[in-house]
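What follows is one structure encoded as structure tokens, with my remarks underneath.
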Amino acid sequence: MPSQRKERRATEERNAASKKLDQMPAKAILRLMNREDRKVAGAVAREIPAIARAVDAIVSGIRRGGRLIYLGAGSSGRMAVLDAAECAPTFGVRATLVQALIAGGRRAVTGAVEGAEDSVRNAERELHRRKLTRNDVVVGISASGTTPYVLGAMKFARRRGATTVAITAGRRSPLAKEGKIVIAAETGAEVVTGSTRLKAGTAQKMVLNMLSTAAMARLGHVYENLMIDVVPKNQKLVARGLKILVEASGKELSAAEHALRQSGHKLRVALVMLKRDVDAREAKRLLARADGNLRKALGE
């Protein structure tokens, strides 16, 4: 009979430093958690080569017309939903470019949906519904690396020829075997045994931030370190847009306000107007001739 022994998961082991957690005063608990959290950045830093490969794959896929699709269950799924939701307003990309699928659907964002993470078929169905292509990059997120929903999605993605990226806390986990690129930030035992919303979840958030931000920067959705494609939909964002134009162009606020109005509140058009001293029509022509490449349109 084959062995049924399961791989030991560091995230499920007991943390010796927190064994008396229920008897500790608040300040001691917080100091302990802070000490443990300091380990997360180091664990993520060790994965930078793999994260960089994933960023390159995402950029390449999007340039070929693909999408970035995150998948997760529970806390991992919620991290995915948060990162995907923030890409469109931050970088001015279409809402479908970065997507997140969470086991159990929308209800699972704010509450537990019993048994959702165990459904392999649901993951396959959702990817099939989105007409997955080989240009898409599918990022499966699971601290344990054993979540059936995520594993099912990754297997389906591989069959379709899409690039698969595994984000997990266990390098030898089943999920790691399904990833063409494996990002395994091994953060160790949690302060509360098995509660991967803590260090493992923090590592996931950091990695997702790195993937989306670096990819969007490489795709030209920032100028220097400024959100040049932010959509000014409210007063706060209009003010931010004006500040971006002033900083990027070196012009006065009044000039930035005029350019923003004339551009139809499109920051990259307004920046070309300001830096090339042209009107909105010419700025749009320069951008079109540069295939949207802002640096090229600016002659930089």
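The values are calculated or read from the model by the stated rules, or taken from the named source; none is laboratory data. The structure presented is a predicted model; accordingly, all values stated were derived computationally and were not measured. Glycine also receives a Cβ, built like all others from the backbone with ideal geometry; neighbour counts cover every protein chain displayed.
So the values come out like this:
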{"quantity": "Residue list for region 81-116, restricted to those being more than 19 Å from Val137 (Cα to Cα) and either basic (Lys, Arg) or not assigned by TED's automatic domain parsing to the domain that holds Arg129 (or both)", "calculated": "Arg106, Arg107"}
{"quantity": "Number of the condition not met by Ala143 [criteria: (1) of a type in the set (A, V, I, L, M, F, W, C); (2) surrounded by 19 or more Cβ atoms within 10 Å (Cβ to Cβ); (3) part of a helix (DSSP H, G or I)]", "calculated": "(3)"}
{"quantity": "Residue check, Met206 in the same structural domain as Ile48 (by TED's automatic domain parsing) and hydrophobic (A, V, I, L, M, F, W, C)", "calculated": "yes"}
{"quantity": "Within region 23-60, tally of residues that are in contact with a strand residue (DSSP E or B) (Cβ under 8 Å, 6 or more places away or on another chain) and polar (S, T, N, Q)", "calculated": "0"}
{"quantity": "Residue within region 204-225 that is closer than 27 Å to Gly115 by Cα and of a type in the set (Gly, Ala, Ser) present", "calculated": "no"}
{"quantity": "Residues that are basic (Lys, Arg) and either assigned to a helix (DSSP H, G or I) or farther than 25 Å from Val231 by Cα (or both), drawn from region 64-94", "calculated": "Arg78"}
{"quantity": "Filter result for Ala166 (of a type outside the set (Val, Ile, Thr), more than 30 Å from Ala26 (Cβ to Cβ), crowded, with 22+ Cβ neighbours inside 10 Å and modelled with pLDDT of 95 or more)", "calculated": "yes"}
{"quantity": "Region 95-116 residues that are assigned to a strand (DSSP E or B), paired with ones that are charged (D, E, K, R) (beta carbon under 8 Å, 6 or more apart)", "calculated": "Val98/Arg67; Val98/Asp83; Gln99/Arg67; Gln99/Arg130; Ala100/Asp83; Leu101/Glu126; Ile102/Arg78"}
{"quantity": "Which numbered condition Lys177 misses (of (1) in a loop (DSSP other than H, G, I, E, B); (2) without any contact (Cβ under 8 Å) to a residue 12 or more places away in the chain)", "calculated": "(1)"}
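Yes/no matrix, rows are residues, columns are (1) in the same structural domain as Gln99 (by TED's automatic domain parsing); (2) loosely packed, with under 11 Cβ neighbours inside 10 Å; (3) at pLDDT 95 or above; (4) under 25 Å from Val139 (Cα atoms):
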residue: Lys20; (1), (2), (3), (4): yes, yes, yes, no
residue: Pro25; (1), (2), (3), (4): yes, yes, yes, no
residue: Ala28; (1), (2), (3), (4): yes, no, yes, no
residue: Leu32; (1), (2), (3), (4): yes, no, yes, no
residue: Arg35; (1), (2), (3), (4): yes, no, yes, no
residue: Ala45; (1), (2), (3), (4): yes, no, yes, yes
residue: Ala50; (1), (2), (3), (4): yes, no, yes, yes
